[in-house]
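Working notes, beginning with the structure itself.
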Amino acid sequence: MTQLRISEVATLLQVSDDTVRRWADAGRFATTTDDSGRAVVDGADLARFMAERAGEEPALDSPVVSASARNRLVGIITRVVRDTVMAQVEVQVGPHRMVSLMSREAADELGLEPGVLAVATVKATNVGIEIPDHR
């Protein structure tokens, strides 16, 4: 089972380590300790938490002035649906849900299951870039 350190969880959730610890202390998700005595979160529990949190409005500390994502988005797998030929894989990237369709063989070879850390790579012929008003 995938276990993620507090700093890894903070990176995935785009919050500070302290926020992750406060949320764990408040019972939003459980922590255990690994063999080294560090606090860790079970990947499947984190996947459920991220999927539930996805509907929440993200809080911005400051307005976005400009951005250019690099098409490689680190997230955690929240759902995998397999049939005999294809697999639908959902990855939660911060507040965003990404869905990928791939062969079942590829999903099986990659060991894709809820709670697994993954990188969603996006290739598109049309990508819109927006700059929000920051007045």
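Every read-out reported here was derived from the displayed coordinates using simple, explicitly stated rules and does not represent laboratory data. Only a predicted model underlies this, so the values are computations on that prediction, with no experimental measurement involved. Here the Cβ is made from the backbone with ideal geometry for all residues, glycine too, and neighbour counts use every protein chain on show.
FRET efficiency for the residue 99 to residue 21 pair, using the beta carbon distance and R₀ = 30 Å, is estimated at 0.45.
Distance between the 7 Å Cα→Cβ label points at residue 113 and residue 7: 2.7 nm. Spin-label pair residue 33-residue 88: with each label point 7 Å from Cα along the Cα-Cβ axis, the two points sit 4.3 nm from one another.
Every Cα-Cα pair in the stretch 72-121 was counted, and those over 14 Å apart are 42% of them.
Given a Förster distance of 35 angstrom, what is the FRET efficiency for residue 123 paired with residue 53, based on the Cβ-Cβ distance and rounded to 0.05? My answer for the efficiency is 0.80. I'd like the distance separating the alpha-carbon centroids of the stretch 5-55 and the stretch 80-116, in whole Å. So the two Cα centres are separated by 22 Å.
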